[in-house]
Amino acid sequence: MSAGTVDQVRVCVLGAGSLGSVIGGVLARSGHAVTLVTRNEAHVDAIREHGLRLVDDERSVVCLVDATTRIDTVDAVDLVVVLVKSFDTHDAVTSAQHLIGDATLVLTLQNGVGCEEVIADVVGGERVIAGRTFVGGNLIEPGVVEYGVAGRRTVLGELDGAVTERLGQVAALFEGAGLAVDVSTDIVAMMWEKLFVNVATGAWSALTGLPYGELSVHGDIEEMAIATVAEAMSVARGLGIDVTTTDPSVPWRRAWEGLPHGFKASMLQSIEKGSRTEVDVMHGAVCSGGRRAGVPTPINDTLLAAVHGLERRLDVDAERDVGAER
């Protein structure tokens with residue numbers, strides 16, 4: 001992105017599921033040229049026919065965006081926003097290299113820890129800006145996404161902690177679309193702050209099948225979810241990461257406050273679709289970090305193994321269904 005482009009930016013959202021659709025939709029509503037790239041053909045067809053509809057408890061808005069399943073049909077852009085699942089990062093970014101011009105930036109808003117390094121290996125670290133967002137998205141049906149933006153902040157930062165002109169431009173782009181933004185000089189710490197929110201609800205939601213509203217009213221789940229966060233905080237401190245949140249109940253509340261009662265964590269959304277989750281870059285990141293730091297992580301170890309078991313059960317069910325059709 002060059003100095004004159006903030007008023008009209010060409011954006012490609014790579015991995016436009018629920019959250020990617022929200023980010024792309026609000027940017028399009030503020031006047032930017034947005035293309036959503038997703039494997040979901042039904043979602044693309046609905047957007048092309050009716051526009052992208054974002055809904056919350058109070059209103060419904062229609063956003064005019066381009067949408068496609070074929071990244072090879074998209075021209076070069078000013079900003080690539082990466083929101084594919086963590087395990088698809090390398091292949092997705094490799095397939096998107098033709099989108100990158102001389103001044104193109106690549107912004108990752110993905111969950112977990114480590115995707116920014118994968119992206120930098122493909123496109124070069126000098127192009128990468130990292131961020132984490134607390135904005136919520138839930139794909140209700142093709143072309144329709146439930147979203148939560150009010151009071152939910154997005155944190156952006158350069159990998160080296162510098163405060164640069166281009167970082168300011170991306171922040172201005174998001175703020176102009178009505179997204180609350182913080183610029184961080186320690187984005188690694190902020191990644192862990194978001195990770196605390198992910199582990200507060202991720203596996204608990206996937207394993208119980210409960211949306212945020214139901215999770216939030218169960219005292220026994222709350223107690224263990226807060227203990228899960230406390231364990232992650234101990235790992236971060238053991239790794240020397242300068243996180244600022246010290247009360248493990250804060251990420252627990254931050255995960256669901258301000259979202260509709262029936263809103264679902266991304267890990268539960270994956271399970272319901274019968275697809276692989278991002279547990280490895282969430283709870284798995286805590287476990288691997290604990291091993292490096294010499295900090296025990298029994299709760300996160302258990303949740304990681306349990307979700308892996310759930311994923312395996314889904315694979316077995318799918319294999320059985322295929323066999324029954326033959």
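Points to keep in mind about this one:
- Backbone amide hydrogens, once placed in the peptide plane, bring Val113 within less than 5 Å of nothing, excluding anything fewer than 5 places away on its chain.
- Solvent exposure of the chain, expressed per residue, is 43 Å² of accessible area, with all protein chains present and a 1.4 angstrom probe.
- Global geometry of segment 208-286, whether rounded, prolate or oblate, following the gyration tensor of its Cα atoms and the 1.5 cut on a/c: oblate
- For the chain, the antiparallel share of DSSP beta bridges with both residues in that region comes to about 35%.
- Order by protection proxy (mean Cβ within 10 Å, highest first), peptides 275-282, 36-43, 181-188, 15-22: 15-22, 275-282, 36-43, 181-188
- At R0 = 30 Å, FRET efficiency that the Cβ-Cβ distance of Asp57 and Ser275 yields, to 0.05: 0.65
- Three-way shape call for segment 86-175 based on the alpha-carbon gyration tensor, with the a/c threshold at 1.5: oblate
- Calculated FRET efficiency for the pair His218/Asp75, C-beta based, R₀ 45 Å, to 0.05: 0.40
- Overall form of segment 34-117 per C-alpha gyration tensor (a/c, 1.5; a/b vs b/c): prolate
- Globularity ratio of segment 159-310, using Cα Rg and 2.2 N^0.38 Å: 1.09
- Derived scalar couplings between HN and Hα for segment 141-156 equal 7, x, x, 10, 10, 7, 9, x, 10, 4, x, 10, 8, 10, 10, 10 Hz in order, rounded to whole Hz, by the Karplus curve 6.51 cos²θ - 1.76 cosθ + 1.60 (θ = phi - 60°), x for Gly and Pro.
- Length gained when the stretch Arg39-Thr246 is fully extended (0.36 nm per residue, less Cα-Cα span): 70.6 nm
- FRET efficiency estimate (nearest 0.05) - Cβ-Cβ, Val316 to Asp182, R0 51 angstrom: 0.70
- Of all DSSP beta bridges in segment 134-279, antiparallel share, percent nearest 5: 60 percent
The values are calculated or read from the model by the stated rules, or taken from the named source; none is laboratory data. Since we're looking at a predicted model, the values are computed, not measured. When we count neighbours, we look across all protein chains shown, and the Cβ atoms used for this are built from the backbone with ideal geometry, even at glycine. These area figures cover heavy atoms from the full protein model, side chains too; ligands, DNA and RNA do not enter into them. Shrake-Rupley method; radii C 1.70, N 1.55, O 1.52, S 1.80 Å.
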